[in-house]
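To start, the structure under review is shown below, and the notes come after it.
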Amino acid sequence: MSHGTDPRPMTARRSGPLTGVAQVPGDKSISHRALILGALSVGETRITGLLEGEDVLDTAKAMRAFGADVQRTGEGEWVVHGVGVGGFAEPEDVIDCGNSGTGVRLIMGAMATTPITATFTGDASLSKRPMGRVTDPLALFGSQIVAREGGRLPVTITGAVDPVPVRYKTPVASAQIKSAVLLAGLNAPGETVVIEAEPTRDHSERMLAGFGATIRTEKTEEGHVITLTGRPELRGQPVAVPRDPSSAAFPVAAALIVPGSEIRVPGVSRNPTRDGLYVTLLEMGADITFENPREEGGEPVADLLVRHGPLKGVEVPADRAASMIDEFPILSVIASFAEGRTVMNGVAELRVKESDRIDAMARGLEANGVTVVETPDSMTVHGAPRVPGGASAVTHLDHRIAMSFLVLGLATDQPVSVDDGSPIMTSFPDFIPLMQGLGADLG
Ligand code: S3P
């Protein structure tokens with residue numbers, strides 16, 4: 001997509017109370033999976049509430065390149081006519097997944113057991129990220145893989161002609177690894193098994209079952225064992241994408257740190273594998289009420305009512321990290337205003353996201369007057385009632401770093417800038433107008 005565009009510096013200034021309703025966009029993880037599973041199904045998949053951010057649009061483009069018919073029929077409304085399990089065609093061009101680790105890793109899995117060849121690339125951020133964590137298990141199915149040194153993009157995969165099912169224990173807690181293996185397992189005969197020590201987001205499992213696959217999860221001494229029966233006929237489904245709890249975290253954080261704020265954030269997914277930030281915020285004393293709990297699109301959702309109030313620092317246990325892995329940057333901003341220190345444990349994975357998020361947050365917070373202590377796998381933020389601000393943060397092509405520092409600047413004494421806000425388009429295209437609509441002074 002437009003990752004080659006010029007950097008867009010942005011600034012946030014101390015704002016009055018935030019009020020109103022924040023309608024955050026569709027869930028990014030579920031949006032990618034809806035397009036990919038739609039493409040691997042027979043018949044029609046009608047999607048509503050799809051996130052139309054650059055990451056997901058890159059996945060839509062990729063699904064067309066593999067032969068699926070993917071049409072946009074309205075705002076957030078898409079229709080996919082799939083080619084069925086094993087039906088992917090060889091793409092004519094390189095598949096450019098832009099900034100998206102989820103996109104590239106899941107699509108690699110989806111094609112790795114079909115005898116076609118595809119080459120994957122991405123932007124400068126994605127090209128630095130490790131792909132061996134996915135290509136290693138995909139090679140076990142019998143696919144051939146050529147990667148740049150260190151297992152980086154570009155990666156070329158020739159899918160297995162006679163795929164064998166795989167039993168794979170993930171070395172790190174990662175839904176992307178789990179999902180890539182499960183998607184590859186779809187076209188392998190027999191049972192493909194993924195074992196994870198800590199449960200990670202389970203959207204692939206829920207959606208695979210919804211599309212007609214036989215899949216089960218058991219908790220054993222080894223960990224969470226997910227077993228998929230290969231070669232199902234997936235059937236196209238209606239998919240209503242719930243709103244993204246990771247995107248909701250930004251207006252929620254802003255309301256928590258800007259005095260006098262009270263906002264509502266309707267229809268946010270409360271899937272327990274995504275809920276760690278909200279558990280942590282309640283422990284910090286945050287004034288959040290979960291109203292009208294219900295099920296939407298196969299996911300538990302609720303309407304959030306969020307009010308500003310005093311917060312205290314907490315220790316976040318390592319075994320909660322997977323359920324809030326994308327929320328540590330914004331938690332470190334909230335923690336900057338809490339009384340005492342907030343310790344985030346077991347967060348080494350943050351170093352291989354769109355940027356090294358521990359380093360990016362620590363440097364930017366320090367520049368704005370916050371004390372941060374980091375280790376290879378932890379980050380501690382010392383909170384204070386007032387945060388000076390007044391500095392610019394480097395975003396390293398990372399949407400969540402950009403949004404986190406813009407939220408910080410809404411409550412600091414002096415404005416906070418970011419060198420480049422353009423990556424926000426990958427996951428939350430309406431972030432700036434949505435925040436302005438609540439009364440935030442940023443742009
Ligand atoms: C995602 C999984 C997480 C997360 C990413 C989305 C997914 O990555 O950080 O934003 O949709 O599966 P890991 O699985 O690598 O932790």
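Readers should treat all values here as calculations from the given coordinates under stated rules, not as data from a laboratory. This is a predicted model, so every value here is computed, not measured. Positions of Cβ are generated from backbone atoms using ideal geometry, with glycine treated the same way; all protein chains shown enter the neighbour counts.
Neighbours of ARG14 by Cβ distance under 14 Å: Lys/Arg scored +1, Asp/Glu scored -1, total 0. Tally Lys/Arg at +1 and Asp/Glu at -1 over every other residue whose Cβ is under 14 Å from the Cβ of VAL301; what's the total? Every neighbour counted, the sum reads -2.
For segment 388-443, relative contact order (Cα pairs under 8 Å, six or more residues apart, normalised by length) works out to 37 percent.
Annotation for segment 326-374 versus segment 43-116: alpha-carbon center distance of 33 Å.
Between the alpha-carbon centres of segment 404-443 and segment 122-138 there is a gap of 29 Å.
From the Cα gyration tensor of segment 197-246, with a ≥ b ≥ c the square roots of its eigenvalues, which class applies: rounded if a/c is under 1.5, or else prolate if a/b is larger than b/c, or else oblate? Note, shape of segment 197-246 comes out oblate. Ordered by the number of other Cβ atoms lying within 10 Å of each residue's own Cβ, fewest first, THR102, THR289, THR280, THR229 fall into the sequence THR289, THR229, THR102, THR280.
Averaging the sequence gap over all C-alpha pairs within less than 8 Å and six or more residues apart, then dividing by the number of residues, gives the chain a relative contact order of 19 percent. As a proxy for reagent exposure, ranking GLU327, GLU222, GLU149, GLU44 by other Cβ atoms within 10 Å from fewest up yields GLU149, GLU222, GLU44, GLU327. Note down the relative contact order for segment 28-229 as a percent, whole number, built from C-alpha pairs under 8 angstrom at least six residues apart. Answer for segment 28-229 is 17 percent. Any idea what diffusion coefficient segment 28-229 gets from Stokes-Einstein, in µm²/s, Kirkwood Rh on alpha carbon pairs, 4 °C, 1.567 mPa s? After rounding, the answer is 78 µm²/s. Could you compute the net charge surrounding GLY151? Neighbours are other residues with a C-beta less than 9 Å from the C-beta of GLY151; K and R count +1, D and E count -1. In short, +1.
Each peptide in 84-93, 360-369 was scored by the mean count of other Cβ atoms within 10 Å over its residues; highest first, the order is 360-369, 84-93.
Rounded to the nearest 500, the 222 nm mean residue ellipticity of the chain from helices alone is -8000 deg cm²/dmol, with -39,500 (n - 2.57) taken per DSSP H run of at least 4 residues.
Backbone phi angles across segment 229-246, fed through the Karplus curve with coefficients 6.51, -1.76 and 1.60 (θ = phi - 60°), yield HN-Hα couplings of 8, x, 6, x, 9, 6, 10, x, 9, x, 10, 9, 7, x, 6, 8, x, 6 Hz in residue order; Gly and Pro are listed as x. Against the empirical 2.2 N^0.38 Å (N residues), the chain has a Cα radius of gyration ratio of 0.94.
Dipole check for the chain: with +1 at the C-beta of Lys and Arg, -1 at the C-beta of Asp and Glu, and the Cα centre as origin, the magnitude is about 160 Debye.
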